[in-house]
Amino acid sequence: MAEIKYFEAGDFDTVVIGAGHAGSEAALAAARLGAKTLLLVTNLNAIAQMPCNPNIGGTGKGHLVREIDALGGEMAKVIDETFIQSRMLNTSKGPAVHSLRVQADKRRYHEVMKRVLENEENLYLVEDEAVRILRDGNKITGVLTRDGAKYNTKTVVLCTGTYLRSRIFMGEVNFSSGPSGFGPANHLSKSLEEDFGLELLRLKTGTPARVLRKSIDFSTMKPQYGDEKVVPFSFSNIAKDMNKDQELCYLTYTTKECHDIIRDNIDRSALSLGDIEGRGPRYCPSIEDKVMRFSDRDSHQVFIEPEGLTTDEMYIQGVSSSLPVEVQQQFYKKIIGLENCRILRPAYAIEYDAIDATLLTRSLEHMDYKGMFFAGQINGSSGYEEAASQGIVAGINAALKVKGEDPFILDRSEAYIGVLIDDLVTKGTREPYRMMTSRAEYRLTLRQDNADLRLTQKGRDLGLVDDERYEGFIYRKEGIEREIERIKKVKVTPTAENNEILKKIGSTDLTNTSSVYELIKRPELDYKKLAVFDPERPEVRDDIIRNVEIEIKYEGYIKKQEIQIRQFKKLENKILDKDIEYNEIEGLRNEAKEKLSDIRPESIGQASRITGVSPADINVLLIYLEHKRRQNEAS
Ligand SMILES: Cc1cc2nc3c(=O)[nH]c(=O)nc-3n(C[C@H](O)[C@H](O)[C@H](O)COP(=O)(O)OP(=O)(O)OC[C@H]3O[C@@H](n4cnc5c(N)ncnc54)[C@H](O)[C@@H]3O)c2cc1C
């Protein structure tokens, strides 16, 4: 084969490799912050693809989407335009876990995001595969591609997802391929190993079959309806503009016969055959994992979800598998309502290369290679939302790097994005990491309804939030503050008439003069019920009312959490130098010396979250820091 002569294809500030959910947000953020950005993708049709579940959001993930939007990202706006069903989950629980989850028209989502990328100023979209990254010492200088191009760049953002040396598994059958029939990216891994000395991990995930709609008997299933009142994901949209006809999803169940077929053939799953070495996502187990792990159960829930308005492919949620197609054709027919199902695309598992994210700082830059950023599934996360969250942060930081400005970091008390990145770079992961509300210790403060109040000013200061979004934010922020102040002054006196009204609306008598503000704190009362005591009330938008109510009802808990956050920040602000020789610090245990030297935490706070670093080790470090401080003062 002839040797490739690479041609000079142009100079860029940032090259983003991959246009999945991470790459799309990274490229848009970098370009919008003024960086001349090249976005490389193996196939333009692979842009913002959803190779698995046709939905965005859900517990913890909905919070991420809102935060991306609050910072000036794109995912929320695209899904508001392309959703086909919308539901607010966990409404019977506290606001900290309320989570929006919407069904997407996958093809439309891809098209709308592709259009946004095609028309973004400063962004150059090219269909090509990155095969090598160039560096000069520890500085990134360029990218070589399959088509023979050499791009010069100051920074690179790797967002290669599930494509690096990816392999598909269906029982005894396995072959080199990307997801959804797209080609794999088989060259870049070698460059990461040989040019950068990176040890790559093998991870895996799986997806269920797609079945033809008309081959399903829905009469045996429970329809799942969307919410009547649709809440938008993006703060740039308002509820009244969101109403449209919504598609149905359906709830059904596997059967004992289905489980028996799986058990009888378990030795033919790619995992049992030992062909797959990668670890899969604990919270998205395959059907064979569920059948073997919960052997006492004769049925598992299955959700049938439409993939879009212009296709009759139905997604069989909860039944991903790496069993042979022959076996799939048997056990899918044993799911209630799928007795005559026609499989359009079989289920499969996919294995791919990823990096150990503990090699990264919280800006998602590699610790040793300046200008090299990583985002998305390549960092060991799983999910469109987790990928997009890392993408926007990596894109922002690539642009700031080019400008020579300090990195943009979100900590665990500011955003779910901060929790996600801190968990990945401080603890690393050996299986695909999925976001959940239980991972966020400050979740009462990090609610999805206040993401803009927490982050939009930061996005504005960066230059990522445009005027229209910013005006919308100020309208909400001031609206919430103004209404809270106003209802503090709306007094309710303990008259017989008022107490009669209180009884009528399900509450108890007043003994002293109170206010609408105070009364909202009563669990049985809310802003709307108290309108009777507030005749001068102005017209207030539902989303503002929601924030007003939550701020008031949870005031005590929120205040308590603010104290905890102040404690947390104290340790986060105790900075640790990157070059500390931990092996020389007396009193540190060997395990701690090893872990601290590997992960090189940026603060005492981060050090305290490293597995294997004990509170005693942290005390030793605090004494060491104090000693250093005094030495510096003395010198
Ligand atoms: C089979 C399957 C099942 C999944 N199941 C789940 C699940 O159950 N739950 C869940 O939360 N998530 C699941 N996911 C994960 C989810 O799809 C990903 O988390 C998400 O798509 C990751 O986004 P990303 O941007 O990191 O990468 P991707 O969306 O994978 O995008 C990567 C992009 O990089 C491009 N690319 C790769 N290498 C190169 C190169 N060298 N040069 C140029 N372009 C390149 C590709 O063309 C693509 O555009 C699944 C994914 C797959 C494939």
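A few points about this structure:
- Taken along the Cα-to-beta-carbon direction at a fixed 7 Å, the label points for N45 and R630 span 7.0 nm.
- Cβ-based charge dipole, segment 466-561, positive-most Cα from N499, L525, P535: N499
- Per-q log10 I(q)/I(0), segment 466-561, q = 0.12 Å⁻¹ (Debye; single scatterer per alpha-carbon; no solvent): -0.42
- For the pair T495 and K570 in one chain, pulling the backbone fully straight at 0.36 nm per residue adds 22.1 nm over the alpha carbon distance.
- Loop-located trypsin sites (Lys or Arg not before Pro) across segment 235-337 with a Cβ neighbour count of 11 or fewer within 10 Å are K244, with loop assigned by DSSP.
- For segment 72-145, the Kirkwood estimate of hydrodynamic radius, built from reciprocal distances between every pair of different alpha carbons, is 16.0 Å.
- Dimensions in Å of segment 75-205 - Rg and Dmax from alpha carbons: 19.4, 57
- Calculated FRET value between H187 and T511, using beta carbons and R₀ = 51 Å, to 0.05: 0.10
- Rounded to the nearest 5, the antiparallel percentage of DSSP beta bridges internal to the chain is 70%.
- If you take the Cα centroid of segment 1-56 and the Cα centroid of segment 186-234, the two points sit 20 Å apart.
- Prolate/oblate/rounded label for the chain (Cα gyration tensor, a/c 1.5): oblate
- Kyte-Doolittle mean at least -0.5 and Cα axial length at least 15 Å: DSSP H helices in the chain: 21-32, 61-71, 384-403, 416-427, 542-553
- Under the combined filter of DSSP loop state and at most 16 neighbouring Cβ atoms within 10 Å, segment 131-219 retains these GluC sites (Glu not before Pro): E172, E199.
- Across segment 574-634, Cα pairs under 8 Å and at least six residues apart give a relative contact order of 32 percent.
- Taking a point 7 Å out from the Cα of F218 in the direction of its Cβ, the residues of segment 101-130 whose backbone N falls within less than 16 Å of it are 103-105.
- Between N512, I599, A399, the Cα set farthest toward the positive side of the dipole of the chain (charges on each charged residue's Cβ, about the Cα centre) is that of N512.
- Contact order normalised by residue count of the chain, Cα under 8 Å, 6+ apart, percent: 17 percent
- Compactness of segment 574-634 was expressed as the Cα radius of gyration divided by 2.2 N^0.38 Å, which yields 1.02.
- Straight-distance crosslink candidates among lysines, where the alpha carbon sits under 25 Å from K503 and sequence neighbours closer than 8 are dropped: K488, K489, K491, K521, K528, K529, K553
- Sorted largest first, the principal axis extents computed over the alpha-carbon atoms of segment 159-285 equal 55, 48, 26 Å.
- Zone residues, segment 236-254, relative to A531, backbone N less than 18 Å from point 7 Å out along Cα-to-Cβ: 239-240
- Span from the segment 108-138 Cα centroid across to the segment 546-618 one, whole angstrom: 36 Å
- Listed residue pairs exceeding 31 Å between alpha carbons, taken from K150/K578; K204/K559; K403/K595; K36/K458; K106/K333: K150/K578; K204/K559; K403/K595
- At R0 = 22 Å, FRET efficiency that the Cβ-Cβ distance of D264 and N340 yields, to 0.05: 0.50
No lab work stands behind these numbers, since they all come straight from the coordinates. What you are looking at is a predicted structure, and each value in this text was computed from that prediction instead of being measured. Every residue, glycine among them, receives a Cβ derived from its backbone with ideal geometry; neighbour counts consider all protein chains shown.
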